[in-house]
Amino acid sequence: VAEFQIQPLPLSLLYTGTLTHNLQLLVDPLRSGDARALARAITMVENRSPGWAELLKALFPQTGRATILGLTGPPGAGKSTLVDQLAKHYRKHSRTIGIIAVDPTSPYTGGAILGDRIRMQDHFSDPGIYIRSMATRGSLGGLARTTADVATVLDASGRDLIMIETVGVGQDEVDIVRLAGITIVILVPGMGDDVQSIKAGIMEIADIFVINKSDREGAERVEREIRALQALAARNDHWTPPIVKTVASEGIGIEELVTAIAEYETYLQKGDLALQHKVESWQQRLVEMLRDALLEKARSQLAEGRVARYAAEVVEHKRDPYTLVEEIVAKLARTR
Ligand SMILES: Nc1nc2c(ncn2[C@@H]2O[C@H](COP(=O)(O)OP(=O)(O)O)[C@@H](O)[C@H]2O)c(=O)[nH]1
Ligand SMILES: [Mg+2]
């Protein structure tokens with residue numbers, strides 16, 4: 001790990017390409033934290049509108065500073081309420097915040113359920129908090145990648161802390177949470193099923209456990225179950241994820257959660273773990289970006305309807321698919 005040092009980006013790496021006038025008009029206010037520019041930039045990246053890649057190239061040198069907090073758990077566990085409470089706390093300490101909600105069941109804006117709207121309303125007049133819901137359907141380039149790019153834009157806008165809320169259900173969500181530096185898994189008592197039945201993947205990614213709705217019966221039981229699971233599997237980094245009990249709707253346990261987050265941050269810094277995490281995360285992202293780019297290139301080279309014709313030929317046994325793919329890839333390698 002020692003060979004990885006965070007260095008200031010050399011000037012040669014700063015983007016000097018030809019940013020269009022329009023893009024420059026977006027980048028400048030965005031870098032100084034302007035909320036409208038931020039909103040436009042995020043939309044552009046999310047929709048993959050023309051210029052999105054140029055925009056991210058221009059913004060990248062200013063990224064890497066924000067703390068990214070991922071919060072995941074079943075629907076209704078109190079994730080939004082918890083995010084709201086954390087946002088309030090950190091704003092009191094003058095940290096600027098970006099929130100990304102990747103939760104189709106309770107988006108903060110646009111078709112928002114009333115509850116979230118009301119709760120988050122406090123923040124709408126505060127320019128120190130920027131809240132964005134991600135469209136989860138038909139997201140281009142994969143939900144995890146788009147979310148990562150949106151986080152990059154928020155990071156470049158100078159937000160100190162980025163919170164990503166996602167429902168802990170599928171692989172997409174696990175991938176999203178992986179880009180967080182710190183992952184909080186939120187459980188609640190009496191979920192109907194036991195902790196054991198929660199997706200193993202979600203349990204494994206927790207840096208901190210929260211048992212929310214601890215005002216309800218059964219919080220101790222959930223805690224015992226988590227501890228039992230922890231006893232079975234030690235982490236590579238020897239961190240034992242703390243378990244924090246909260247009543248998010250009343251702000252109870254928020255101080256403890258903030259302390260747990262700070263302690264994990266310190267732990268990460270001490271052992272160079274933060275750097276190691278980032279390298280691992282980028283390794284994964286680079287592979288995904290490469291896969292997308294290569295696929296895109298292959299698509300652009302294949303004439304309309306070509307894949308369907310190939311498929312028909314494979315079915316008719318006129319071609320074997322293995323040679324076919326080899327040929328397409330070989331052709332890609334020859335073209336620029
Ligand atoms: N009793 C109780 N209700 C809570 C608590 N935290 C949140 N809630 C309520 O649970 C519901 C779902 O919360 P929400 O934050 O939208 O959950 P999410 O789907 O995980 O984002 C809301 O009605 C909240 O007011 C808590 O600690 N105790
Ligand atoms: Mg929610």
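Please tell me if residue 273 is more than 20 Å from residue 188 (Cα to Cα) and out of contact with any helix residue (DSSP H, G or I) (no Cβ under 9 Å at 6 or more places or on another chain).
In short, no.
Select from region 251-284 the residues that are assigned to a helix (DSSP H, G or I), under 21 Å from residue 219 (Cβ atoms) and either modelled with pLDDT under 95 or among the hydrophobic types (A, V, I, L, M, F, W, C) (or both) and list them in ascending order.
254, 257, 258, 260, 261
Counting only residues that are outside any loop (DSSP other than H, G, I, E, B) and within 30 Å of residue 190 (Cα to Cα), how many does region 26-80 have? Walk me through it before giving the result.
Filtering region 26-80 down to residues outside any loop (DSSP other than H, G, I, E, B) leaves 26-31, 35-46, 52-62, 67-73, 79-80.
So of that shortlist, the ones also within 30 Å of residue 190 (Cα to Cα) come out as 68-73, 79-80.
So the answer is 8.
Is it true that some residue in region 206-220 is open to solvent by 70 Å² or more (accessible area, probe 1.4 Å), out of contact with any strand residue (DSSP E or B) (no Cβ under 6 Å at 6 or more places or on another chain), modelled with pLDDT of 90 or more and not in a loop (DSSP other than H, G, I, E, B)? I'd like the intermediate steps shown before the answer.
Going through region 206-220, the residues open to solvent by 70 Å² or more (accessible area, probe 1.4 Å) turn out to be 215-217, 220.
In the following step, the residues that additionally are out of contact with any strand residue (DSSP E or B) (no Cβ under 6 Å at 6 or more places or on another chain) were identified as 216-217, 220.
Those left that are additionally modelled with pLDDT of 90 or more: 216-217, 220.
Now drop any that are not not in a loop (DSSP other than H, G, I, E, B), which leaves 220.
Checked against the condition, which is being open to solvent by 70 Å² or more (accessible area, probe 1.4 Å), out of contact with any strand residue (DSSP E or B) (no Cβ under 6 Å at 6 or more places or on another chain), modelled with pLDDT of 90 or more and not in a loop (DSSP other than H, G, I, E, B), region 206-220 yields at least one hit.
Residues checked against (1) surrounded by 16 or more Cβ atoms within 10 Å (Cβ to Cβ); (2) within 16 Å of ligand 2 (Cβ to nearest atom); (3) at pLDDT 75 or above:
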residue: 8; (1), (2), (3): no, no, no
residue: 16; (1), (2), (3): no, no, no
residue: 37; (1), (2), (3): yes, no, yes
residue: 70; (1), (2), (3): yes, yes, yes
residue: 87; (1), (2), (3): yes, yes, yes
residue: 94; (1), (2), (3): no, no, yes
residue: 105; (1), (2), (3): no, yes, no
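Select from region 201-222 the residues that are closer than 16 Å to residue 253 by Cα and under 17 Å from the mean Cα position of the chain (by Cα) and list them in ascending order.
Result: 208, single match.
Would you point out which residue out of 187, 161 is touching a Phe, Trp or Tyr at 6+ places or on another chain (Cβ under 6 Å) and at pLDDT 70 or above?
Answer to the check: 161.
Kindly provide the set of residues from region 229-249 that are assigned to a helix (DSSP H, G or I) and surrounded by 12 or more Cβ atoms within 10 Å (Cβ to Cβ), ordered by number. Even if it seems obvious, please write down each step before you answer.
Residues of region 229-249 assigned to a helix (DSSP H, G or I): 229-232, 248-249.
Across region 229-249, the qualifying residues are 229, 230, 248, 249.
Tally time: how many residues in region 42-56 are farther than 14 Å from residue 30 by Cα and surrounded by fewer than 16 Cβ atoms within 10 Å (Cβ to Cβ)?
5
Within region 73-85, track down each residue that is modelled with pLDDT of 90 or more and not small (Gly, Ala, Ser).
Passing the criteria: 79, 81, 82, 83, 84, 85.
The values are calculated or read from the model by the stated rules, or taken from the named source; none is laboratory data. Remember, it's a predicted structure, so these values are computed and weren't measured experimentally. Glycine gets a Cβ as well: all are built from the backbone with ideal geometry, and neighbour counts include every protein chain shown. When the accessible area is computed, the model is the full protein with side chains, heavy atoms only, and any ligands, DNA or RNA have been set aside. Shrake-Rupley method; radii C 1.70, N 1.55, O 1.52, S 1.80 Å.
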